[in-house]
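Heads up, the thing below is written out as structure tokens.
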Amino acid sequence: MPHQKFQSSNIKPRYSKGHISVFGINSIYPRPPWVAAWWSVAFPGFGHMFLGKYLHGFVLIIWELVVNNKANLNLGIALSFQGRFDEAKAALNQDWLLLYVAVFVYGIWDSYRCAVENNKSHALAEVEDAPVTPSDVSFFDISILDKKHPWAGMFWSAVSPGLGQMYSGSTIVGTFILAWWIFVCYKAVAIRAWLYSFLGDYSSANTDVDWQWFLFLPSMYVFALYQAYASVNENNILFDIEQTRYLRVRAENLGQLNTIDSSNVKIIATFEHSPFVEMAIHDMEKLGIPSHHIVALPLENLDSQTHVIDSIHRVDGRSILDGAMVGATIFMVLGTIYGFIWHWGPIIWGLIGLVFGFFLGLVIELAFNKKKLKLASSRKSEVIFQLTCLNSQQDHLIDVLKSRKATGVVVMPEQRA
């Protein structure tokens, strides 16, 4: 969240915080460079998508699907983990494998570098308090920046990767992820293997599935879950940033630092960042309250704690699900590999690896995190809303504030100088 006071609405900032268009919502959001590098290790292109560099990510993902498949790299990795080294060497196509190495290393290096650049750009955009346009209407789509539930995004990606991204507002990204998921599942015969596994026919699941294509799925699935979760969280924070700037500009334009010298009572309410804040302002203006008698300003966050879980009302602290998703990816891949030779097959062992790796990664994050932890951040007020009105109006105005989801209201007599 921006902590600097807005300077002037006439100054055009040089660094952007985010952009909303028919193609989706994107923002400059600070990210740990090591996490971006890890996702590039798991699957080239994922690190760039994690940072919002979607075009770069699409190119590397397509490259990975083509070159990895031509080199039979996934099959070689699976056979190597099973100790079948001679078969692994025979399976690999060295002509394609040599093309793989340079781009793979580049993806890791460049995603780390881009994360550092994004963090710098975010800091500079904070200094300039750059504006964000909160909606975009075109012939093809209507894109609106609004608060959404991160866990809803994760749920829809769990049902089918890509749906969570569409829920977050990223139409192009969601379409791409959904298309590549369908294609890889088809090539891997994954749906038939899933059906056989849950019917208990593990031998048929192992026989029919294509190892080379199937090993793409664990990393793709976990990343789709996490990227949907992170994307919704980032959009929620972008909404907070945009509304914070709007309220500051509004207060500056109305000259609300001046003393109000009329009226009988002041009503003070608190809100979380949401469209209801601006709705409440418009409601008061329609009821005849002068604009300069309505003050709405954002609170500054004095303490940012680390939380295990974020939700629509809890996006002001750093989530520590990064480590959990790293663990989920690693152990889902391992479960899938060894599932080809274990009794329950790759589907069941992949899901077991997903759950086990998630909680193991979470425990490791908790063990190494030095800050005071809470399971989830408590709901707290983010906007102070004050209006000056006549005594006869206060009951009706309080009802309006309640209908607009104010978290608290107090009535105070106006103090005259």
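In a reduced charge model with +1 at each Lys and Arg Cβ and -1 at each Asp and Glu Cβ, region 72-228 shows a dipole moment near 320 debye about its Cα centre. Net length available on complete extension from PHE359 to ALA179 is 61.8 nm, with 0.36 nm assigned per residue and the Cα-Cα distance removed. For the pair TYR338 and ARG113, label points projected 7 Å from Cα toward Cβ lie 3.8 nm apart.
For GLU87 and VAL159, what is the calculated FRET efficiency with R₀ set at 41 Å and r taken between the beta-carbons, to the nearest 0.05? Working from the Cβ atoms, E equals 0.70. Dimensions of region 8-154 from C-alpha coordinates, computed as largest minus smallest value along each principal axis and given longest first, are 68, 33, 28 Å. Assuming charge only on the beta carbon of Lys and Arg (+1) and of Asp and Glu (-1), the dipole of region 35-97 about its Cα centre is about 120 debye to the nearest 20. With each label modelled as a point 7 angstrom along the Cα→C-beta vector, the SER392-ILE62 pair spans 6.9 nm.
Of the residues HIS343, HIS56, the one with the fewest other Cβ atoms within 10 Å heads the list, and the complete ranking is HIS343, HIS56.
Note on HIS48, HIS122, HIS282: ascending count of other Cβ atoms within 10 Å places them as HIS282, HIS122, HIS48, the fewest first. Potential lengthening of the chain between THR407 and LEU55 amounts to 122.6 nm, from the contour at 0.36 nm per residue minus the alpha-carbon distance. Scanning residues 5 or more positions from THR407 or on other chains, those with amide H under 5 Å from its amide H are THR270, PHE271, GLU272, with H placed 1.01 Å from N in the peptide plane. Using only the alpha-carbon atoms of region 112-179 as identical scatterers, what base-10 log of I(q)/I(0) does the Debye formula give at q = 0.15, 0.26 Å⁻¹? Ignoring solvent entirely, the Cα scatterers give -0.73, -1.00. Modelled spin labels at SER203 and LYS70, positioned 7 Å past Cα toward Cβ, are 3.9 nm from each other. So for region 1-152, taking the charge dipole from beta-carbon charges (+1 Lys/Arg, -1 Asp/Glu), which of VAL35, ALA123, ALA102 sits furthest toward the positive end? Value computed over the given set: ALA123.
Only the coordinates and a few stated rules stand behind these numbers; no lab work does. Note that the structure is a prediction, hence the values are computed from the model and not measured. With ideal geometry, Cβ positions are generated from the backbone for all residues, glycine too; neighbour counts draw on all protein chains shown.
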